[in-house]
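Below you'll find the structure, written out as structure tokens, and then a few comments.
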Amino acid sequence: MRKALRAAIREPKVVIAGGFILLLILTAIFAPWIAPKDPLEQDLMLGTLPPAGYDGAEPGYWFGTDDLGRDVLSRLIHGTQTALTVAFVAAGLAALLGTTLGLLAGWYRGWVDAVISRLVDIWMAFPPVLLSILLVAVLGSGVHSVIAAIVIIDWTRFCRVVRSETMAQAQMDYVTAARTIGFPKLSILFKEILPNVAPVIVALLSLEMGIAVIVEAILSFVGLSVSSDTPTWGGMIAQGRSIIYQGWWVLVAPLVMLFLTVLAFNQLGDGLRRALDPMMRR
């Protein structure tokens, strides 16, 4: 564990991307104290104020206001809570379900592999974005529905990759030695094979977190995520799109945050894969 931690710290991508994500986590936790204004407070007299540094800007409104006079920076900060909640919970549950089924399919093979693989093929035949919109429309709006939709759709991503990696690891000499010694099958699977598949799972988990942020933003954009009163990046993008000529900053601010967050999750996953994979460290 210490060796892996030291290797991760030496990886620039892990340090930079991980530092940015840690900053986002702290922002989400302390949003009520960090945000300079109430994100729901409206003042039509202050509608579409430009960001600080532009003509017509007002002190205290660093990123300007939207058409209802709400502080863009405060809404951006509070939107981090929804984005990260969906990212960590949905990606974690999808990884847990997909990894478990992938390990079982790759290790036991036979009818177990056939059933799980056919289920994955059927699931992946549906367009993911359209299926997520349909699921949220059926389940109802809310963070729980968004999380459920992402888990139901994206567990297949983990299942296919983990199944392939498990099959490859099952042919290794250390597995043959464990079988010869008489280790139980489940013990070999979870104590010997799983640690060697972990770098791929970690990289895929980080990538999935970025995907979850995008999916939540898409659902917020079309009004199928949380209630309209809750600040979300997707909701801000939808609002900014309608007033882009009057207040371009309302659209640009959440777009930049969305881009940086997804980029950070992707780079963190790539860095962790390099740091934790012994073959890549060589």
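The values are calculated or read from the model by the stated rules, or taken from the named source; none is laboratory data. Keep in mind it's a predicted model, so treat the numbers as computed, not measured. With ideal geometry, Cβ positions are generated from the backbone for all residues, glycine too; neighbour counts draw on all protein chains shown. Surface areas here come from the heavy atoms of the whole protein model, side chains and all, with no ligands, DNA or RNA. Shrake-Rupley method; radii C 1.70, N 1.55, O 1.52, S 1.80 Å.
Restricting P36, P59, P51 to those that are open to solvent by less than 20 Å² (accessible area, probe 1.4 Å) and in a loop (DSSP other than H, G, I, E, B) reduces the list to P51. Residues that are open to solvent by 80 Å² or more (accessible area, probe 1.4 Å), at pLDDT below 90 and not aromatic (F, W, Y) were ranked within the range 111-124; the one that is farthest from C159 (Cα to Cα) is I122. Q81 - would you say it is out of contact with any Phe, Trp or Tyr (no Cβ under 9 Å at 6 or more places or on another chain), in a loop (DSSP other than H, G, I, E, B) and polar (S, T, N, Q)? So Q81 fails the test.
Looking across the range 169-225 at every residue that is open to solvent by less than 30 Å² (accessible area, probe 1.4 Å) and in contact with a Gly (Cβ under 6 Å, 6 or more places away or on another chain), the one that is nearest to R109 (Cα to Cα) is identified as A203. L268 satisfies every condition listed in (1) open to solvent by 20 Å² or more (accessible area, probe 1.4 Å); (2) under 23 Å from L130 (Cα atoms); (3) part of a helix (DSSP H, G or I) except (2).
Screening A95, A149, A91 for residues that are under 23 Å from the mean Cα position of the chain (by Cα), buried (at least 21 other Cβ atoms within 10 Å of the Cβ), among the small types (G, A, S) and more than 21 Å from A203 (Cα to Cα) leaves exactly one candidate, A149.
Is the range 104-118 home to any residue that is in contact with a Ser or Thr (Cβ under 6 Å, 6 or more places away or on another chain) and in contact (Cβ under 8 Å) with a residue 40 or more places away in the chain? Within the range 104-118, one or more residues are in contact with a Ser or Thr (Cβ under 6 Å, 6 or more places away or on another chain) and in contact (Cβ under 8 Å) with a residue 40 or more places away in the chain.
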